[in-house]
Amino acid sequence: MSLDSRHEAAAPPAIRIRTELPGPKSRALLAERRRWVPAGVSEARHGVFFERAEGARLTDVDGNVFLDFAGGIGCLNAGHGAPRVLARVREQLERLQHACFMVAPYEPYVALARKLCGIAPIAGETRAALFNSGAEAVENAVKIARRATGRPAVLAFDPGFHGRTLLALSLTSKTTPYRDGFGPFAPEVYRFPVPDLSRFLSSNVNPSSIACAVIEPVMGEGGFIVPPKALLIELSRLCRQHGIVLVADEIQTGFGRTGAMFASEGAGLEPDLVCMAKSLSNGFPLSAVVGRAALMDAVQPGGLGGTFGGNPVACAAALGAIETLEQENLPRRAQEIGAVVGARFAGFVERFPFVADARGVGAMRALELVTDRATLAPDKARAERVLSLAASRGLLVLSAGLHGNVLRTLMPLVMSDAELAEGLAVLEACLAEVA
Ligand SMILES: Cc1ncc(COP(=O)(O)O)c(C=O)c1O
């Protein structure tokens, strides 16, 4: 290939920053936001407001184009504006927007339940119940497990994250900002680090009083911690042995992110119930609990549900999102993205002394920043500088981890090779600048 033709073949850069950041329209919106929205809803560090998006690109209100390594916290595996999602949503919007499935049922709920039962990582007969948010799915999984077992206790694992409502928060590890000042928490919740599994069972809570154990196959907010496969196999075995319902929280790991439709599949986890949300519906508010029929059917009529749960437009979005993941083989694309990002991140560990670890599964990749490699003391300040710098150069990235010192990738899986390379180059330049 001649130099010229290579030049022609190269895609123009995705990122286009034309104003100072935040631009004038964003600054005006930021002032309004500070007047009307409480500080407890955390403010994006970059101060930029967005008005449209396509694929893996976001355009702000001043016309600047950003690359998206965040995906609305992992909700956009099928990409912003995925055509199959849009088509189904438009069609559904014209027909029926809300009726409440328990009052005036509609087909999209049933079609989605059938689909989710077909793809969930659970053998045998299954059922699916739909809700609005990830936290609500977790709360309902616990309700189902308690009702089915007649037991009160719930096991959760550090550093897990399961949401911000009271019961979900009681299962969540991070003190600041999630738990501070919100207690007392729900009783009968026992949290402990994954490696201490059997010791914990013998010292803290009698297994015969445990309804369920709730675990993320890869701990997302906790910093993309990948529990050893042997531990997840042992947890599955212990749950079976003691009649404990095993709940996989696949809210962040699900729908292709880790290279399989669900992370449990390769992780050795054999769940009885699976919580789903985020990329389930490509950004529409929707969540699900899918589980063994005998457990799901243990709940009395009216014990599950809610006014909006399984909204028909959100169900249509989910059917379009799953169709996109399957037709475009996006789990496979997550493996490709993961291979590129993983290799590049391994290089960052070599190049930058403050990058102590690169880890993850599939396209769910993370870098851990420390002040000292020997003690692994977390470097939150440097992580925040990298995120701010990246945003100022048109790349949206998120942090994670109990200490906020982990950078993580949750890009739409439709991201092109060129966009991925461009985003990684920006990230590397930012890491070099804070070195
Ligand atoms: C693993 C996991 N569980 C639960 C939740 C809570 O979901 P939601 O914010 O939709 O309530 C999240 C959100 O980040 C999550 O990552």
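The values are calculated or read from the model by the stated rules, or taken from the named source; none is laboratory data. Note that the structure is predicted; figures quoted are calculated from it, not measured. Glycine gets a Cβ as well: all are built from the backbone with ideal geometry, and neighbour counts include every protein chain shown. Just the protein is used for accessible areas: all its heavy atoms, side chains included, with ligands, DNA and RNA removed. Shrake-Rupley method; radii C 1.70, N 1.55, O 1.52, S 1.80 Å.
Comparing Tyr178, Tyr190, Tyr109 in a Gaussian network model of the chain where C-alpha atoms under 10 Å apart are linked, the largest mean-square fluctuation is found at Tyr178.
Taking every C-alpha pair closer than 8 Å and separated by at least 6 residues, the mean separation divided by the residue count of the chain gives a relative contact order of 22 percent. The alpha-carbon positions of the stretch 275-406 define a convex hull whose volume is 181 Å³ per residue. In summary, the aspartates and glutamates within cross-link reach of Lys278, defined as a Cα separation below 15 angstrom excluding same-chain residues under 8 places away, comprise Glu136, Glu216, Glu221, Asp249, Glu250. With a simple spin-label model that places each label point 7 Å from the Cα along the Cα-to-Cβ direction, the separation between Thr307 and Ala28 comes to 3.4 nm.
Can you tell which of Val61, Ala135, Met261 lies farthest toward the positive end of the dipole of the chain, using +1 and -1 charges on the Cβ of basic and acidic side chains (Lys, Arg; Asp, Glu)? Result: Ala135, furthest along the dipole toward the positive end.
Placing unit charges on the Cβ atoms only, positive for Lys and Arg and negative for Asp and Glu, gives the chain a dipole magnitude near 620 debye about its Cα centre. Counting only DSSP beta bridges whose two residues both lie in the chain, roughly 65 percent are antiparallel. Evaluating kT/(6 pi eta Rh) at 4 °C and 1.567 mPa s, with the Kirkwood radius of the stretch 93-182 over Cα pairs in the Stokes-Einstein relation, gives 83 µm² s⁻¹. Cβ-Cβ distance of Arg52 and Val340, R₀ of 30 Å, FRET efficiency by 1/(1 + (r/R0)^6): the value works out to about 0.65. For Asn282, neighbours were defined as the other residues whose beta-carbon sits under 11 Å from its Cβ, and their charges (Lys and Arg +1, Asp and Glu -1) total +2. Working note: Karplus 6.51/-1.76/1.60 with θ = phi - 60° gives the stretch 80-85 the couplings 4, x, 3, x, 5, 5 Hz, where Gly and Pro are set to x. Model label sites at Val103 and Asp372, defined 7 Å from Cα along the beta-carbon direction, differ in position by 6.1 nm.
Taking every DSSP bridge with both residues inside the stretch 217-332, close to 60 percent are antiparallel.
Remark: spin-label model distance Glu265-Arg90 equals 3.1 nm, labels positioned 7 Å along the Cα→Cβ axis. With Cβ to Cβ distances under 11 Å as the rule, what net charge do the other residues near Val414 carry (K, R +1; D, E -1)? Summing Lys/Arg as +1 and Asp/Glu as -1 gives -2. Other residues whose C-beta falls under 13 angstrom from the C-beta of Ile144 contribute a net charge of +2, scoring Lys and Arg +1 and Asp and Glu -1.
The largest accessible area among Phe255, Phe200 belongs to the first residue in Phe200, Phe255, and the rest follow in falling order (1.4 Å probe, all chains).
Karplus-based coupling profile of the stretch 184-198, in residue order and whole Hz: x, 8, 4, x, 6, 10, 10, 10, 7, x, 3, x, 8, 3, 6, with θ = phi - 60° in 6.51 cos²θ - 1.76 cosθ + 1.60 and x standing for Gly or Pro.
For the chain, the convex hull spanned by the alpha carbon atoms encloses 163 Å³ per residue. Its relative contact order, with pairs defined as Cα atoms under 8 Å and 6+ residues apart, puts the stretch 178-324 at 17 percent.
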